[in-house]
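Read the structure below first, then the notes.
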Amino acid sequence: MDGLVTKLAKDLRSVFEENFDYFDESGVPFFGMFPENCCQGASVFLGMLLSHFFTHDIIKVVHGSTRNRLYHHFWVEVDSKIYDLTLDQFYKNMGDKYTGIEFPAYGEDKHPLRQYFFYKEKMSAVLAFSIFVQKHANLEEILPAYQFICRELEVMGWKIPSPE
């Protein structure tokens with residue numbers, strides 16, 4: 001399972017890197033400077049894609065915040081393994097204080113910034129998607145972006161099951 005999750009996470013990261021202009025222009029919030037400031041959207045998309053392949057109870061989108069609740073970050077846990085597609089956004093400013101943040105995290109046992117993002121709220125991918133759409137994005141823009149992601153992943157060899 002870990003290998004499949006890691007492959008999907010890496011392929012999704014590749015889709016974001018190669019198409020961040022598309023996501024920004026199509027109204028997906030915060031993707032104009034990927035990986036900076038788009039952790040919530042990236043984590044929501046990853047969580048929803050993973051829910052096509054695995055039971056929902058092992059997939060959690062995590063909302064971490066600092067002790068003073070001023071700074072926030074999102075990542076995904078699958079069966080207690082950490083997948084953070086935008087972790088490397090912190091390297092420039094925090095790389096001298098924290099190790100393991102120069103690249104995305106794929107299947108780590110512990111989040112490298114677990115002490116910085118001290119408070120953690122775990123939620124299902126569906127709840128995270130709902131919050132993202134209600135507070136930051138529009139469903140009319142997110143659904144075409146999700147379909148675009150699925151098409152790009154299919155080009156890479158993925159077979160995304162249709163929702164039943």
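Values quoted throughout were computed directly from the atomic coordinates according to the rules given, and no laboratory measurement underlies them. From a predicted model like this one, the values you see are computed outputs, not experimental measurements. Here the Cβ positions follow ideal geometry from the backbone for every residue, glycine too, while neighbour counts run over all protein chains shown.
Results, tabulated for the structure shown:
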| read-out | value |
| --- | --- |
| Kyte-Doolittle at least 0.0, axis length at least 18 Å by Cα - qualifying DSSP helices, the chain | 139-155 |
| Zero-based 5 Å bins, Cα pair distances in the stretch 1-147, whole percents | 2, 10, 20, 25, 22, 14, 6, 1, 0 |
| Cα pair distances in the stretch 5-91, grouped into 10 Å bins until the bin that holds the longest one, percent each | 17, 50, 29, 4 |
| Over 14 Å [Cα-Cα, the stretch 106-163], rounded percent | 72 percent |
| Separation of the E121 and E25 label points, Cα + 7 Å toward Cβ, nm | 3.5 nm |
| Mean-position separation - Cα centroids, the stretch 12-70 and the stretch 88-160, in angstrom | 3 Å |
| Most fluctuating residue given options E25, E102, E141, as computed from a GNM of the chain linking Cα atoms under 10 Å | E25 |
| For the chain: relative contact order, % (alpha-carbon pairs under 8 angstrom, 6 or more apart) | 26 percent |
| In nm, spacing of pseudo-spin labels at R67 and F53 (7 Å Cα→C-beta vector) | 3.8 nm |
| Debye-sum result for the stretch 68-164 in log10 I(q)/I(0), which assumes one identical scatterer on each alpha carbon, at q = 0.17, 0.21 Å⁻¹ | -1.00, -1.25 |
| Inter-label distance for L4 and N138, nm, one decimal - labels placed 7 Å from Cα along Cα-to-Cβ | 3.6 nm |
| Nearest-0.05 FRET efficiency for I160 and S14, computed from C-beta distance (R0 22 Å) | 0.90 |
